[in-house]
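Single-structure report; data block below.
The values are calculated or read from the model by the stated rules, or taken from the named source; none is laboratory data. For clarity, every value in this text was computed on a predicted model and none was experimentally measured. Note: ideal-geometry Cβ built from the backbone for every residue, glycine included; neighbour counts use all protein chains shown. Areas reflect the complete protein model, heavy atoms only, side chains present, ligands, DNA and RNA absent. Shrake-Rupley method; radii C 1.70, N 1.55, O 1.52, S 1.80 Å.
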Amino acid sequence: MKNTTQNPKQAAGERAAKLVKNNMVVGLGTGSTTAYAIKELGRRVADGLDILGVPTSYQSAFLATENGIPLTTLDEHPVLDIDIDGADQVANFIAIKGGGAAHTREKIVAESAKKFVVVIDDSKMADVLSHPVPLEVIPAARKLVEKNVAKLGGKTQVRMGVNKDGPVISDNGNFIMDADFGKIDDPVSLSKELSYCTGIVEHGIFTNVDMVYIGKKDGTVKIISLRNL
């Protein structure tokens with residue numbers, strides 16, 4: 001389906017927003033591609049669409065409010081109908097996320113949803129995952145995490161702020177570290193191993209992707225689905 005914008009991120013985000021129907025509770029992801037989905041949902045709300053949104057970050061909460069989407073919480077709606085979010089890289093329906101330092105809340109929301117839809121441009125698709133894995137780390141555990149990730153074959157660095165001296169701090173008040181493992185041949189096993197590491201609040205390997213909307217440079221969108229949904 002052609003999109004008149006020729007912007008692959010916008011094409012993917014706006015197309016995925018069409019999955020949302022009346023009376024749904026929707027996870028609202030974080031990042032530049034998901035922002036287009038949120039803005040499109042805002043336009044549909046203005047036209048009468050009745051939904052509630054659960055934001056994954058301060059950024060997505062601000063954007064949703066600016067676009068007139070009423071918000072709720074997981075306490076009030078612990079099971080979501082759908083979650084739409086971006087990714088840093090996707091291969092074989094496994095995503096690496098956390099470029100925006102929001103992956104802990106993003107994973108909580110994604111795993112609370114009946115359907116997890118990832119929106120990306122085609123530069124984010126890969127045959128094998130190789131993007132550094134974001135880690136949210138309790139500050140006191142920085143050196144311990146560095147040591148334990150090294151045992152798993154990874155090299156970590158603390159993500160430093162832009163227009164801010166010092167490290168990036170998550171919405172939860174923790175450090176963000178990026179762990180480079182090179183090519184990740186077995187992301188499911190690595191996901192489990194990272195979850196065992198004391199001091200890592202959450203990592204950015206998402207193994208529960210159901211659908212991927214891939215925006216292309218010509219404005220078309222390729223949709224791939226793990227199963228019939």
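Collect residues whose amide H, placed 1.01 Å from N in the peptide plane, falls under 5 Å from the amide H of Asp121; neighbours closer than 5 in sequence don't count.
For Asp121, whose amide H was placed from the backbone, the distant partners under 5 Å are Gly215.
Applying the Karplus parametrisation 6.51 cos²θ - 1.76 cosθ + 1.60 with θ = phi - 60° to the phi angles of region 60-71, what ³J(HN,Hα) value in whole Hz is obtained for each residue in order, glycine and proline being reported as x?
For region 60-71, the Karplus-derived couplings read 6, 5, 4, 5, 4, 5, 4, 9, x, 8, x, 10 Hz, x marking Gly and Pro.
Where does the Debye-calculated log10 I(q)/I(0) of region 162-229 sit at q = 0.22, 0.25, 0.27 Å⁻¹, using only Cα point scatterers of equal weight, no solvent?
-1.03, -1.09, -1.16
Across the Cα atoms of region 1-81, what radius of gyration and what greatest pairwise Cα-Cα distance (Dmax) are found, in Å?
Looking at region 1-81, its Cα Rg and Dmax stand at 12.1, 39 Å.
Of the DSSP beta bridges with both residues in the chain, give the percent that are antiparallel, rounding to the nearest 5. Walk me through the numbers before you get to the answer.
Working: 25 of 43 bridges.
DSSP beta bridges in the chain are roughly 60 percent antiparallel.
Running a GNM on the chain with Cα contacts under 10 Å, which residue among Ala12, Ala101, Ala61 ends up with the highest mean-square fluctuation?
Ala61
Quick check on region 133-202: what are the equivalent-ellipsoid semi-axes from the Cα gyration tensor, as sqrt(5λ), descending, whole Å? Could the numbers behind the result be given before it?
Details: eigenvalues 88, 32, 22 Å².
Value: 21, 13, 10 Å, ordered largest first.
Give me the one-decimal Kirkwood hydrodynamic radius in Å for the chain, with the sum taken over alpha-carbon pairs. Mind dumping the intermediate values first?
Details: mean 1/r = 0.0561 Å⁻¹.
Hydrodynamic radius (Kirkwood, Cα only) of the chain equals 17.8 Å.
Given bins 5 angstrom wide, list per bin the percent of all Cα-Cα distances in region 30-148, short to long.
2, 11, 19, 21, 19, 12, 10, 4, 1, 1, 0
Cα centroids of region 165-229 and region 29-54: how far apart, whole angstrom?
22
Express the carbon and sulfur contribution to the solvent-accessible surface of the chain as a percent, rounded to the nearest whole number, probe 1.4 angstrom. Numbers along the way, then the final one.
Numbers: 5400 of 10820 Å².
Looking at the chain in its full context, I get 50 percent from C and S.
Given Cβ point charges of +1 (Lys, Arg) and -1 (Asp, Glu) and nothing else, what value in debye, to the nearest 20, does the dipole of region 41-149 about its Cα centre take?
On the way: 11 positive and 16 negative charges, 78 e Å.
I would put it at about 380 debye.
Defining a contact as two alpha carbons under 8 Å apart and six or more residues distant in sequence, what relative contact order in percent does the chain show? Each step should come with its number before you reach the end.
Numbers: 541 pairs, mean separation 58.1, N = 229.
Taking the mean separation of contacting Cα pairs over the length of the chain, I get 25 percent.
Can you quote the Å³ per residue value for the convex hull of the Cα atoms in region 101-229, rounded to an integer?
Numbers: hull volume 16.9 nm³, N = 129.
Convex hull of Cα atoms, per residue: 131 Å³.
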